[in-house]
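For reference, the structure discussed in these notes is given below.
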Amino acid sequence: MYTVGRKNYTVVAINTASKAGEWIKSRCGKHSNIKTKLSSHDLVTEVDKGCETMIRNLLLTYFPDHSFLGEEGVEVGPEASVKAVDSIQEAEYVWIVDPIDGTTNFVHGFPFYSVSIALAHKGEVILGVVYDPVHDEMFVAEKGKGAYLRGQKMEISKENELSSSLLGTGFPVQQNALTTNLKGIQALSNKVRNIRTTGSAALHLAYVAAGRMSGFWELELNAWDIAAGALLIKESGGEVTDTKGEPYQLCVRNVLATNGLIHQSLQKELVSAEATGF
Ligand code: IPD
Ligand code: CA
Ligand code: CA
Ligand code: CA
């Protein structure tokens, strides 16, 4: 486990995700004060904000010299998000947090949302935790040490054909990204076994790591949606790039994440459908 002196990053991250997850689950259906961000498809509640504050306080109590990047602390819109990620690239240690990934699901009581917590060291993710409080599933990865679910090492799927692959994607909140993503969905839907869009990018990534899906792509995500899930996939033997095939970094927003075996063929399909984004 990642330790510095006697401080154990992994245990703190797991405990924090667990506390945050229990709290959001207890607030599901009882929240109020729903606001919109970029558009009417992009929601935020007082629970998103409260949860981020709780996570921030817990992490920084243990690690006061670390930096923190959370979705609700960044101004709305892609420019602010790109700037915020740029500003932490060089940071020694930075926690990258999505307090509720799947706010729309949370608001509607659709039981598929998660807490995503990653720790990056000088721009490289070294720890990733995605917690689904509804199903009590804690997905954990440490760089170089594998990825685990309930103490069991996760195995990536072994599908090597698109035709037998189950994929995940999303409906991005930005209109032009949505239009482009729909081209990918249309091109792929009769070439793969099926496509799921369940509304939590972090959980989709965790499901790829756990072998429940063979691949996932989505446009215009943010570092807090992807960072923890990307490490889960890498550590369970999969591959994460941007949709153009460039290696994953914190600044990647158009993500392609697979079991590795279908990576090239999926990427090729996105290119030929002109669905890789900008
Ligand atoms: C959203 C979810 C969703 C994805 C959106 C994200 P949020 O995050 O990950 O699956 O399609 O693009 O913004 O806003 O619920 O944290
Ligand atoms: Ca959001
Ligand atoms: Ca998110
Ligand atoms: Ca969120």
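A short reminder: the numbers here are calculations on the coordinates, not readings from a lab. These figures come from a predicted structure and were not determined experimentally. Here the Cβ positions follow ideal geometry from the backbone for every residue, glycine too, while neighbour counts run over all protein chains shown.
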| note | Binned at 10 Å from zero, the C-alpha pair distances of the range 1-75 give percents of 16, 44, 27, 11, 1
| said: Just to be sure I understand the curve: with the Debye formula and one point per C-alpha of the range 209-278, what is log10 I(q)/I(0) at q = 0.12, 0.14 Å⁻¹? | reply: -0.25, -0.35
| query | Can you list residues whose amide H is under 5 Å from Ser67's amide H, if they're 5+ apart or on another chain and H is modeled 1.01 Å from N? | reply | Tyr93, Val94, Trp95
| Got a sec to turn the phi values of the range 52-59 into Karplus ³J(HN,Hα) couplings, 6.51 cos²θ - 1.76 cosθ + 1.60 with θ = phi - 60°, whole Hz, x for Gly and Pro? | 5, 4, 4, 5, 4, 4, 5, 5
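Could you line up Arg212, Arg253 from fewest to most neighbouring Cβ atoms inside 10 Å? Could you put the intermediate results ahead of the total?
Values: Arg212 15, Arg253 23.
Fewest to most other Cβ atoms nearby, the residues stand as Arg212, Arg253.
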| remark: The relative contact order of the range 139-278, taking Cα pairs under 8 Å that sit 6 or more residues apart, comes to a percentage of 30
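Of all DSSP beta bridges in the range 99-249, what percent run antiparallel (nearest 5)? Spell out each step's value before the answer.
Working: 20 of 25 bridges.
So the antiparallel bridges amount to about 80 percent of the total.
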| said: Greater than 30 Å separation of Cα atoms is the criterion. Which listed pairs, Lys30/Lys122; Lys25/Lys83; Lys234/Lys268; Lys35/Lys268; Lys37/Lys183, meet it? | reply: Lys30/Lys122; Lys25/Lys83; Lys35/Lys268
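Treat every Asp and Glu Cβ in the chain as -1 and every Lys and Arg Cβ as +1, leave all other atoms uncharged, and give the resulting dipole magnitude about the Cα centre to the nearest 20 debye.
Numbers: 26 positive and 32 negative charges, 120 e Å.
Its charge dipole is roughly 580 debye.
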| In whole angstrom, and with the biggest value first, how far do the Cα coordinates of the chain range along each principal axis? | 49, 41, 35
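Report the Stokes-Einstein translational diffusion coefficient (µm² s⁻¹, integer) for the range 104-240, Rh taken as the Kirkwood radius over Cα pairs, at 37 °C with viscosity 0.692 mPa s.
On the way: Rh = 15.2 Å.
Diffusion coefficient, whole number: 216 µm²/s.
Classify the range 162-278 from the C-alpha gyration tensor, please: rounded if a/c falls under 1.5, else prolate or oblate depending on whether a/b exceeds b/c.
Rounded is the answer for the range 162-278, as its axis ratio a/c remains below 1.5.
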| Distance from the Cα centre of the range 54-105 to that of the range 175-230, in angstrom? | 22
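Fewest Cβ neighbours within 10 Å first, please rank Val125, Val44 accordingly. Mind showing how you got there, number by number?
On the way: Val125 27, Val44 18.
Result, fewest neighbours first: Val44, Val125.
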| Where only alpha carbons of the range 34-148 are counted, the Rg and the Dmax (Å) | 14.6, 41
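Within the set of other residues whose C-beta is less than 15 Å from the C-beta of Ile100, count the net charge using Lys and Arg as +1 and Asp and Glu as -1.
Working: positive: Lys19, Lys25, Arg27, Lys30, Lys35, Lys37, Lys49, Arg56; negative: Glu22, Asp42, Glu46, Asp48, Glu52, Glu71, Glu72, Asp98, Asp101, Asp132, Asp225.
It works out to a net charge of -3.
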| note | For the chain, averaging the sequence separation of alpha carbon pairs under 8 Å that lie six or more residues apart and dividing by its residue count, the contact order in percent is 17
